[in-house]
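Here is the structure we will look at.
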Amino acid sequence: MTFFSKFFIALFLLLSVCGFSQIKIITSKADTTATTKTNKEPSNVIITAKPDTITYWKHKNVAGIDISEIAFVNWSAGGTSAITGLIRGDFKYEYKDDYQVWSNEMFIRYGLNKQEGIELRKTDDAFKLNSTYGLRTNPRSNWYHSAKFNFNTQFTNGYSYPNTENPISKPFAPAYAFLGIGSEYFYKPYNFNMYLSPLTLKSTMVLDQTLANAGAYGVKKAVYDEQGNLIAEGEKSKTELGILITSSFEKEIFTNIVLKNRLTLYTDYLHNFGNIDVDWQCYSFLKVNEYVKANVGFNLVYDEDIDVIKEENGVKVNKGSKVQLKQVLGIGVEYAF
């Protein structure tokens with residue numbers, strides 16, 4: 001073998017080794033990212049790592065505390081010192097793929113107010129669960145065949161202040177449960193959805209016999225004889241079948257201002273069809289920084305089965321069903337996780 005033959009063979013082996021040494025074996029996601037960013041070795045990279053596991057679950061949890069306070073010391077114009085606190089939590093878990101969506105939400109609210117010279121009073125009390133399952137046959141469609149379950153109640157007794165001896169509401173008295181089937185429409189740019197159900201069962205529960213005997217919240221009240229003796233106790237539940245329509249959307253209407261709107265409409269087929277129960281919640285959240293937010297909004301409720309009881313000259317007077325309105329303005333700390 002001549003010198004030149006040996007030289008060319010050695011050169012070939014050297015080039016082969018050098019060429020192989022340029023191939024980078026990537027076994028981690030970090031190496032892949034670095035190669036992609038520098039873009040120095042795009043043609044001879046062998047990726048051996050498996051891709052990240054695809055998850056269809058998403059969650060958004062928010063917990064917050066709102067506090068407002070006013071204090072007077074030797075204030076000539078007069079006034080009453082007061083402090084109000086509200087604990088709130090919004091928790092959402094959602095599963096979504098090309099054909100299915102399963103959304104689960106839980107909302108909690110509990111507020112207290114203390115004024116100088118007046119006992120501690122409740123200002124807000126709510127516990128709500130929503131669960132909706134949707135199925136579509138076309139992955140491009142915004143319409144789903146859906147089933148929905150809602151449940152609402154409260155944590156502690158409610159009173160018609162200043163009377164704190166006889167509660168007008170209790171945990172599970174009332175409690176409302178909705179279960180139905182229908183169709184749901186989603187519009188992602190506005191986080192908008194609308195649910196239409198022609199068949200929804202509404203169950204009203206009053207699991208306190210004293211309130212049930214009084215016929216509170218639309219249940220059948222107790223029967224008494226002429227002497228006031230109890231003949232039959234009041235029923236603790238009432239079931240209706242009707243039409244349910246719900247809608248909600250969430251949109252940043254201005255920089256750092258998010259509007260959230262929820263509307264629920266229900267009417268019963270058998271009892272006063274066309275008389276609509278309304279639950280409308282509309283809130284705006286103003287972001288101060290990552291943790292501090294202000295919120296302002298209202299909750300409007302109308303239900304013909306809920307009578308407004310007012311005390312006039314020491315006597316309780318039934319005002320019948322009325323539009324109920326609760327306004328909220330607060331600022332506090334909020335943490336999302």
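Is it true that some residue in segment 258-267 is of a type in the set (K, R) and touching a residue at least 60 places away in the same chain (Cβ under 8 Å)? No, there is no match, as no residue in segment 258-267 is of a type in the set (K, R) and touching a residue at least 60 places away in the same chain (Cβ under 8 Å). In this structure, does K221 turn out to be open to solvent by 40 Å² or more (accessible area, probe 1.4 Å), modelled with pLDDT under 95 and of a type outside the set (V, I, T)? Taking the combined requirement at face value, the residue satisfies it.
Table: residues versus (1) farther than 30 Å from D98 by Cβ; (2) under 23 Å from the mean Cα position of the chain (by Cα); (3) of a type outside the set (D, E, K, R).
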position: G134; (1), (2), (3): no, yes, yes
position: S146; (1), (2), (3): no, yes, yes
position: T153; (1), (2), (3): yes, yes, yes
position: P162; (1), (2), (3): yes, no, yes
position: A175; (1), (2), (3): yes, yes, yes
position: F178; (1), (2), (3): no, yes, yes
position: Y190; (1), (2), (3): no, yes, yes
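The strands (runs of 3 or more DSSP E) falling completely within segment 245-337 that include 2 or more residues that are open to solvent by 70 Å² or more (accessible area, probe 1.4 Å) map to 277-287, 307-312, 315-321, 324-336.
When V301, V278, V323 are checked against the criterion of being more than 21 Å from the chain's Cα centre (by Cα), closer than 30 Å to L201 by Cα, at pLDDT 90 or above and not basic (K, R), a single residue qualifies: V323. Screening F127, F155 for residues that are of a type in the set (A, V, I, L, M, F, W, C), at pLDDT 95 or above and not in a strand (DSSP E or B) leaves exactly one candidate, F155.
Working only within segment 107-123, note down all residues that are more than 20 Å from K92 (Cβ to Cβ) and either among the basic types (K, R) or surrounded by 14 or more Cβ atoms within 10 Å (Cβ to Cβ) (or both).
G111, L112, N113, K114, Q115, R121, K122, T123
For segment 159-212, give me each residue that is open to solvent by 50 Å² or more (accessible area, probe 1.4 Å), in a loop (DSSP other than H, G, I, E, B) and among the charged types (D, E, K, R). Answer for segment 159-212, where residues must be open to solvent by 50 Å² or more (accessible area, probe 1.4 Å), in a loop (DSSP other than H, G, I, E, B) and among the charged types (D, E, K, R): just E165.
The criterion of being under 30 Å from E94 (Cβ atoms), of a type in the set (S, T, N, Q) and either in contact with a helix residue (DSSP H, G or I) (Cβ under 9 Å, 6 or more places away or on another chain) or in a loop (DSSP other than H, G, I, E, B) (or both) holds for N138. Across segment 125-155, which residue is nearest to T210 (Cα to Cα) among those that are open to solvent by less than 50 Å² (accessible area, probe 1.4 Å) and hydroxyl-bearing (S, T, Y)? Within segment 125-155, the match that is nearest to T210 (Cα to Cα) is T153.
The values are calculated or read from the model by the stated rules, or taken from the named source; none is laboratory data. Here the structure is a predicted model, which is why all the values come from computation and not from measurement. We place every Cβ from the backbone using ideal geometry, glycine too, and count neighbours over all the protein chains shown. Remember, those area values only see protein heavy atoms, side chains included, never the ligands or the DNA or RNA. Shrake-Rupley method; radii C 1.70, N 1.55, O 1.52, S 1.80 Å.
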